[in-house]
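Report on one structure; see the data block that follows.
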């Protein structure tokens, strides 16, 4: 799989030139006394910048796709997106998982269309090219007449991607061959997450899936903002000691820890975690688009999928130890309300961030996580992909 590096660089140069022009032309109405690396207006509505993010941010990142509950038998599959790229992960006959770009090699048609399903092979609905579970191109209708006997069918299998099952449960995918291994990607969180025993958690009976008129980075910034929580989510102040928030960020992960009040217990009787883990909760982030909220008895995952500069999908699941549907519905309803509070606020911000004349203020101490993520995104946007970014094996993870 090759990247068009000339087009990638031309796109980057166009983005830099236009941003410089916008900044110069709109300077002066709002004159910020202090510099700020927080999200600026031109970063939420520029289509070229969005396209570059799909290449340089998502093209080399690990992205959560689903879980093994949908991948029990040979031929079971899940689909998802890594930025703008559709992908599919399939259970193989030997029990392993393999991931591929979810595109026929002929004219880019999709091959698997359900979020989760089962297949014996993948057949393109456009021209009926058919692929095996392992990605091999099995057949082309009338191949000899269409292409002749020398067509290199063995070179037109599905394009593979890297796949990792984390904590015996969660499935992640990565397009790049150069990105670090998943364990290194989330290294600051890894020791604690290994103790949660996520493989014993079960997926709650429904998920949340909605599209909003927001830029994906605006939601990333919100997810890493510990400052807004006691105002936008003030109903939670009675169970969390918001003023004792501890902000941490390192590598491609961030963590905002809040101790719980004495009468709020999410431990489910567990005693095998640290006192901090049992008596508080974390709002965390895994670059580029995943918000995990881990508890001793529960794991909430919220993923923001970029669709367009002003449109994003929010996909959320909860995993936990309880089979009680009433409890599950309460937790899901609570998450839905939290998501609504956040997206209502971010939607309002988006309306105002459309103005090229506005300049944002400096980040507070409790916006340190958001500041960290914005710097990571800008760093990747400014850094070209390696010429061999997509060369090499996919089975090293």
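What is the percent of Cα-Cα separations in segment 190-278 that go past 21 Å?
That tail contains 51 percent of the Cα-Cα pairs.
With a 10 Å cut-off between alpha carbons and a GNM built on the chain, which of 273, 111, 34 moves the most?
34
State log₁₀ I(q)/I(0) for segment 189-380 at q = 0.11, 0.14 Å⁻¹ as given by the Debye formula over alpha-carbon point scatterers of equal weight, solvent excluded.
Debye curve over Cα of segment 189-380, log10 I(q)/I(0) at q = 0.11, 0.14 Å⁻¹: -0.49, -0.82.
Sequence gap at least 6, Cα distance under 8 Å: using those rules, report the relative contact order of segment 64-174 to the nearest whole percent.
After rounding, I find 28 percent.
Can you give the Rg and Dmax of segment 8-120 based on its C-alpha atoms, in angstrom?
20.4, 64
First check a/c for segment 299-397, with a ≥ b ≥ c the square roots of the eigenvalues of its C-alpha gyration tensor; if it is under 1.5, answer rounded, and if not, answer prolate when a/b is larger than b/c or oblate otherwise.
Oblate, since a/c reaches 1.5 and b/c is not below a/b.
What FRET efficiency, computed as 1/(1 + (r/R0)^6) with R0 = 45 Å and r the Cβ-Cβ distance, is obtained for residue 27 and residue 207, rounded to the nearest 0.05?
The value I calculate is 0.50.
Just to confirm my numbers, what's the Cα centroid distance between segment 42-64 and segment 315-340 in Å?
Here the two parts' Cα centres lie 30 Å apart.
Write down the Å³ per residue value for the convex hull defined by the alpha carbon atoms of the chain.
Taking only Cα atoms, the chain has a hull volume of 148 Å³ per residue.
Using a Gaussian network model of the chain with C-alpha springs under 10 Å, which one of 268, 179, 116 is most mobile by mean-square fluctuation?
So, out of 268, 179, 116, the one fluctuating most is 268.
Between 330, 177, 105, which gets the highest mean-square fluctuation from a Gaussian network model of the chain, Cα cutoff 10 Å?
Of 330, 177, 105, the most mobile in the Gaussian network model is 330.
From the helices alone, meaning DSSP H stretches of at least four residues, give me the mean residue ellipticity at 222 nm for the chain, per-run term -39500 (n - 2.57), in deg cm²/dmol to the nearest 500.
Only helices count here, giving -8000 deg cm²/dmol.
Starting from the Cα of residue 311, step 7 Å along the direction of its Cβ; do the same at residue 239; then give the gap between the two resulting points in nm.
3.5 nm
Taking only C-alpha pairs under 8 Å that are 6+ residues apart, what is the relative contact order of the chain in percent?
24 percent
Between residue 108 and residue 271, take the C-beta separation as r, use R0 = 51 Å, and let me know the FRET efficiency to the nearest 0.05.
Calculated value: 0.45.
Using only the alpha carbon atoms of segment 64-174, find the Kirkwood hydrodynamic radius as the inverse mean reciprocal pair distance, in angstroms to one decimal.
Its Kirkwood hydrodynamic radius stands at 14.3 Å.
By the gyration tensor of its Cα atoms, with a ≥ b ≥ c the square roots of the eigenvalues, what is the shape of segment 155-222: rounded for a/c under 1.5, prolate for a/b over b/c, or oblate?
Rounded shape, in that the Cα axes give a/c under 1.5.
Please give the Cα centre distance for segment 77-97 versus segment 1-39, rounded to the nearest Å.
34 Å
Name the shape class, rounded, prolate or oblate, that the alpha-carbon gyration tensor gives for segment 326-369, where a ≥ b ≥ c are the square roots of its eigenvalues, rounded holds for a/c under 1.5, and otherwise prolate holds if a/b is larger than b/c and oblate otherwise.
Oblate.
Given a Förster distance of 51 Å, report the FRET efficiency between residue 261 and residue 145 from their Cβ-Cβ distance, rounded to the nearest 0.05.
Plugging the Cβ-Cβ distance into 1/(1 + (r/R0)^6) gives 0.10.
Calculate how many DSSP beta bridges within segment 189-380 are antiparallel, expressed in % of all such bridges and rounded to the nearest 5.
The antiparallel proportion sits near 100 percent.
Values in this text are rule-based calculations from the coordinates and carry no lab data. Since this is a predicted model, take the numbers as computed values, not measurements. A quick note on method: Cβ atoms are made from the backbone with ideal geometry, for glycine too, and the neighbour counts reach across all protein chains shown.
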